[in-house]
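Structure record follows, encoded as structure tokens.
The values are calculated or read from the model by the stated rules, or taken from the named source; none is laboratory data. Everything quoted here is computed from the prediction, not taken from an experiment. Positions of Cβ are generated from backbone atoms using ideal geometry, with glycine treated the same way; all protein chains shown enter the neighbour counts. For accessibility, only protein heavy atoms count, side chains too; no ligands or nucleic acids. Shrake-Rupley method; radii C 1.70, N 1.55, O 1.52, S 1.80 Å.
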Amino acid sequence: IPTVAPYLLPGLLPALRGEHPDYDVQIWEAQTGELMARLDSREVDLLVLALPIPGDERPARDLATEPFVLLTPESHPLAEADQPAIDDLDGRELLLLAEGHCLREHALAACELAGATAQGPMHANSLSMLVQLVRNGMGITLLPASAVPVELADRRGLAVRRFRDPEPSRILGAVWREESSRASELSKLCELVADQAGRHVDSAFQNL
């Protein structure tokens, strides 16, 4: 999915080539609904996305837990908190991706306990766009930790904070067809993806 691919693939693809140099990998980047349709039509073998997928009963495997971080303009009151609590979002509006992006739903689910809501009308289709909206004082948002090294290479005008426990998070996982004849290969690929995802999240936090 678009909120995983740009951040995971730069580490994953070299590792995959190193361990399996003869493996012919083809990559599709798309939102969850399109990926699920391509899985059903046998155009792809394995999906790496955010879980859970409501109502879906395909085999799935958790790969990594990825916390969200808080992104605000540097002048925002929450920028002064070293480690804000999720309850600090109570009653606040968040800039989120447009409808159809699962990150929107997972971010809202993570923050509903705090009473946070989606700010509208905003229709960003990328995390890069969300970052620019925050940089220009349009609001605050949540970013998946893996996006930090890429999207926040330039932090001018921005403050990024890790939440105190319990941190809001999402589950990165893999989904495949139950009858797949490539179960052994897919299992090995899942191990590699899980290792790289964990490494990437850890690296992202070192950059906070």
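Summary table below
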item	result
Qualifying residues in segment 171-202 (those that are under 29 Å from Glu74 (Cα atoms) and either among the acidic types (Asp, Glu) or modelled with pLDDT of 90 or more (or both)) - the one least open to solvent (accessible area, probe 1.4 Å)	Ile171
Selected residue [within 19 Å of the chain's Cα centre (by Cα) and open to solvent by 80 Å² or more (accessible area, probe 1.4 Å)] from Pro149, Pro166	Pro166
Residue match in segment 23-40 (condition: open to solvent by less than 40 Å² (accessible area, probe 1.4 Å) and of a type in the set (Val, Ile, Thr))	yes
Count of residues meeting criterion [within 24 Å of the chain's Cα centre (by Cα) and within 14 Å of Asp195 (Cβ to Cβ)] in segment 12-28	5
Members of segment 74-106 that are of a type outside the set (A, V, I, L, M, F, W, C) and over 17 Å from Leu158 (Cα atoms)	Asp87, Asp88, Asp90, Gly91, Arg92, Glu93, Glu99, Gly100, His101, Arg104, Glu105, His106
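Matching residues to (1) modelled with pLDDT of 90 or more; (2) among the small types (Gly, Ala, Ser):
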| position | (1), (2) |
| --- | --- |
| Gly100 | no, yes |
| Leu103 | no, no |
| Cys111 | no, no |
| Ala124 | no, yes |
| Met129 | yes, no |
| Asn136 | yes, no |
| Asp154 | yes, no |
